[in-house]
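The values are calculated or read from the model by the stated rules, or taken from the named source; none is laboratory data. Keep in mind that what you see is a predicted model, and the values were worked out from it rather than measured. Glycine also receives a Cβ, built like all others from the backbone with ideal geometry; neighbour counts cover every protein chain displayed. Each accessible area value is taken on the protein alone, full model and side chains, heavy atoms only, with ligands, DNA and RNA left out. Shrake-Rupley method; radii C 1.70, N 1.55, O 1.52, S 1.80 Å.
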Amino acid sequence: MFGKVATPVIAILIFLGAWELLVWANGWPNYKMASPSDLPPAFWKYKELFVVMGWQTLWRTVLGLCLAVIVGTLIGMIIGFSKLARDALYPLLVGFNAIPKATLVPVISLLFIGQHDFNTILMAFMISFFPIAVSVGIGLSTLEPEYRDILRALGASRFTIFRKIALPKTLPEFFGALKVSATLAFIGTNLVEIVSPHGRGLGALFKSGETNGDYPLMFAVLIALAVLGILLYYAVIFLERTFAGWADRDGR
């Protein structure tokens, strides 16, 4: 247990030490590259803003991710159980995912003028549902047909087959995709927060630091986003161990 906590902590300390050394060795001023030692004063000076805007970013990201889970799972089930749907939807999904989401921010802002919360949640959803849909679709489409045939011969319904065979088989792929989507959702949230003139959240705080030339504040926001991303990632790991711990073969 100690090693599981100590290993990532040591890795983070090494990273921060290397960052500090890099800035010191190059003689960079904090208006060019802030160092870790520049960040605590920035956190303290704007501590109320970090709490308020950090919460705004977090709840929008989590809500967008929850929508991505629901919609992504439904799409994955459709393309997983139907070859026709898979052939029809895959090109659309891949094409949509290939579009840089930053280019969609102005479009969404024009369609839903003044709806900042909705726009932010929508972007978090749009950027994070694809891995979930694909992972669930692949998991279901590769389901061994003999298991399905045996249960059907025993009179099992489609729902029973899904609950007993398809759902457990798909869970490892689902949680693997959810870990990726959790970090992607933060990217979507911050795209809107930075670009929108009415933006709120950590992205707006980053934009404020950029406008005022406050580089320590900008880097402090990046660290805050990284911390929130790590917390959400480990929340997903907790859920994975709760609902799909049987698939963990390395004893983590």
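I'd like to know which of PRO40, ASN26, VAL221 lies farthest towards the positive end of the charge dipole of the chain, counting +1 on Cβ of Lys and Arg and -1 on Cβ of Asp and Glu. Among PRO40, ASN26, VAL221, the one farthest towards the positive end of the dipole of the chain is VAL221.
Loop-located trypsin sites (Lys or Arg not before Pro) across the stretch 4-69 with a Cβ neighbour count of 11 or fewer within 10 Å are LYS32, with loop assigned by DSSP.
By how many degrees, between 0 and 90 and to the nearest 10, does the Cα long axis of helix 202-211 differ from the longest principal axis of the chain? Taking Cα atoms only, the helix is inclined about 30 degrees.
Taking the three principal axes of the alpha carbon atoms in the chain, the coordinate ranges are 72, 51, 30 Å, sorted in descending order. Packing, taken as the mean count of other beta carbons within 10 Å per residue, orders the peptides 177-184, 70-77, 35-42 from highest to lowest as 177-184, 70-77, 35-42.
Computed from Cα atoms, the angle from the helix 167-195 axis to the main principal axis of the chain rounds to 30 degrees. For the chain, the dipole from Cβ point charges (+1 on Lys and Arg, -1 on Asp and Glu) about the Cα centre works out to 560 debye, to the nearest 20. The share of accessible area on the stretch 36-151 that comes from carbon and sulfur is 77 percent, using a 1.4 angstrom probe. In this Cβ point-charge picture (+1 for Lys and Arg, -1 for Asp and Glu), the stretch 1-90 has a dipole of about 180 debye about its Cα centre. Each of LEU13, LEU74, SER128 was placed along the dipole of the chain (beta-carbon charges, centred on the mean Cα), and the one lying farthest toward the positive end is LEU74. Dividing the mean sequence gap of close Cα pairs (under 8 Å, 6+ apart) by how many residues the chain holds gives a relative contact order of 27 percent. Looking at this model, which pairs from LYS4/LYS32; LYS4/LYS45; LYS4/LYS169; LYS4/LYS179; LYS83/LYS164 are more than 24 angstrom apart at the alpha-carbon? Over 24 Å apart, Cα to Cα: LYS4/LYS32; LYS4/LYS45; LYS4/LYS169. Hey, got a sec? Which trypsin sites (Lys or Arg not before Pro) in the stretch 83-120 land in a DSSP loop and have at most 14 other Cβ atoms within 10 Å? For trypsin sites (Lys or Arg not before Pro) across the stretch 83-120 that sit outside H, G, I, E and B with at most 14 neighbouring Cβ atoms in 10 Å, the list is empty.
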